[in-house]
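> Just dropping this structure here.
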Amino acid sequence: MTGRYSPNFRKKETDFVLGCWRKSESCSLVGVGSSGKSNLLRHLTAAPFKRAEKDDSLFRAVMIDPKMLSPIVVSEAPEAIRCWAGYELMIHHLYMAFYPFEMFSPQEIDSLNNSYQAFQDTKNPLYAYISVRHFEFALSLFMRHDVQIVFMFDEFEEMLKHLPVRFFLTLRGMRDAYKRQLSFLTFTRAPLPDLIAAYNIDTLHIEPFSEIFTDNQVFVGLYEEADARAMVKDVLHRYGKQVPDAAAQFLLWASGGHAGLLRTGAKVLDTLDLSLLQNQPDDALKLFAAKEALRAENTILWHSLSAPERRLLKTLSVANPKVDLEAADTKATFELLLNKGLLIVHNRRVLLHPPVFQQYVAALGG
């Protein structure tokens, strides 16, 4: 990322995503609440990207934020209206990403503007029903110029919840039409198959869309040490705080490298009792985890998890937990929590992680 982070920021995840983009393949990122997804997505939009033997200036990673969906998107709205809302959001961000359209002729710019304006032409009773055609035509203008586009869907859960399957199937159709130029990235808090099941979406119905992500899923876990140190340094600088190295090292360990816990912890790190940290580190951890700001951050993390994940974490938070991690109903959840970095195996023991999160879960009780 430019600015605060080095070019190697989130290197594992960045290399994975850019590898998919070079092959024009879609991919799915999965991460818990406050895992630093906004920083990662901004980094990806700015990361150096090289297209083999092609003009790199004709590549765009276009961010799509479902919070910007039209408020008309409700479950009671007709399917065509809900599809229109999805296409309208996408064409709006596509328009902004390429403006002022230097690769287009005046005639092409006029054509794009006409398609863009057609989305607001509510005088036409068919405006919502033919919105897919306007979006398809606008997209084709870019494809003619050998442009490569990745639509990055942040908080993709919201789109799955509010938009009909028909919308996603049309995206798959467009992807098939422009396989070397169009792909998608989703960022969610759970794997796509789990979300599809949780929202009672017909698996077979949406499969033509969901299957394009099957082979390209990566978990966005905890920061590597270099990234974690950079974040702590940045937060301390922005808030004009200075702390001893021992306090910063404590935060790196206590937060486990979780982005939200690092950011919040750095803001209150100057309140840490250094003598307690040196003489009674366990008590220092308990007091640190009990700070209101960190409890609030842990609550966000906790509620980003599914009910089975929360149940298993509570079970494992007690001494000598009685649970069969090889049982069919727990194995998948256990592996998911390992991938998210919320469980670690140390000396053949399963431990909750990061330490401040372990303190939070233990305080919840049974």
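The values are calculated or read from the model by the stated rules, or taken from the named source; none is laboratory data. Predicted model only: the values in this text are computed from it and were never measured. Positions of Cβ are generated from backbone atoms using ideal geometry, with glycine treated the same way; all protein chains shown enter the neighbour counts.
> When you scan the stretch 97-107, do you find a residue that is assigned by TED's automatic domain parsing to the domain that holds Phe142, in a helix (DSSP H, G or I) and closer than 27 Å to Phe153 by Cβ, even just one?
In the first step, residues of the stretch 97-107 are kept if they are assigned by TED's automatic domain parsing to the domain that holds Phe142; the result is 97-107.
Retained after the next criterion (residues that are in a helix (DSSP H, G or I)): 97-98, 106-107.
In the following step, the residues that additionally are closer than 27 Å to Phe153 by Cβ were identified as 97-98.
Yes, there is a match, as at least one residue in the stretch 97-107 is assigned by TED's automatic domain parsing to the domain that holds Phe142, in a helix (DSSP H, G or I) and closer than 27 Å to Phe153 by Cβ.
> Here is a further query. What number of residues in the stretch 226-271 are surrounded by fewer than 21 Cβ atoms within 10 Å (Cβ to Cβ) and touching a Phe, Trp or Tyr at 6+ places or on another chain (Cβ under 7 Å)?
Of the residues in the stretch 226-271, 2 are surrounded by fewer than 21 Cβ atoms within 10 Å (Cβ to Cβ) and touching a Phe, Trp or Tyr at 6+ places or on another chain (Cβ under 7 Å).
> In the stretch 1-18, which residues are at pLDDT 90 or above and either touching a strand residue (DSSP E or B) at 6+ places or on another chain (Cβ under 9 Å) or of a type in the set (A, V, I, L, M, F, W, C) (or both)?
Of the residues in the stretch 1-18, the ones at pLDDT 90 or above are 9-18.
Answer for the stretch 1-18, where residues must be at pLDDT 90 or above and either touching a strand residue (DSSP E or B) at 6+ places or on another chain (Cβ under 9 Å) or of a type in the set (A, V, I, L, M, F, W, C) (or both): Phe9, Lys12, Glu13, Phe16, Val17, Leu18.
> Say we look at the stretch 181-216 and pick out the residues that are of a type in the set (Asp, Glu) and under 19 Å from the mean Cα position of the chain (by Cα); which of these is farthest from Gly36 (Cα to Cα)?
Within the stretch 181-216, the subset of a type in the set (Asp, Glu) is 194, 202, 207, 211, 215.
Cutting the leftovers down to under 19 Å from the mean Cα position of the chain (by Cα) gives us 194, 211, 215.
Numbers: Asp194: 22, Glu211: 26, Asp215: 23 Å.
Per the stated criteria, the residue is Glu211.
> Follow-up. Does Asp121 qualify as being modelled with pLDDT of 95 or more and either more than 24 Å from Leu29 (Cβ to Cβ) or part of a helix (DSSP H, G or I) (or both)? Let's see the steps before the verdict.
Values: modelled with pLDDT of 95 or more: no; either more than 24 Å from Leu29 (Cβ to Cβ) or part of a helix (DSSP H, G or I) (or both): yes.
The answer is no for Asp121.
> Would you please list the contacts, defined by Cβ atoms under 7 Å and residues six or more apart or on different chains, that run from a residue in the stretch 128-148 that is on the phi > 0 side of the Ramachandran plot to a residue that is at pLDDT below 95 and assigned to a helix (DSSP H, G or I)?
Asp146/Leu58
> Here's a follow-up. Which of (1) over 22 Å from Arg60 (Cα atoms); (2) under 28 Å from the mean Cα position of the chain (by Cα) does Glu136 not meet, given it meets every other one?
(1)
> Might you let me know whether the stretch 83-94 holds any residue that is touching an Asp or Glu at 6+ places or on another chain (Cβ under 6 Å) and closer than 23 Å to Thr45 by Cβ? I'd like the intermediate steps shown before the answer.
Going residue by residue through the stretch 83-94, those that are touching an Asp or Glu at 6+ places or on another chain (Cβ under 6 Å) are none.
No: the stretch 83-94 contains no residue that is touching an Asp or Glu at 6+ places or on another chain (Cβ under 6 Å) and closer than 23 Å to Thr45 by Cβ.
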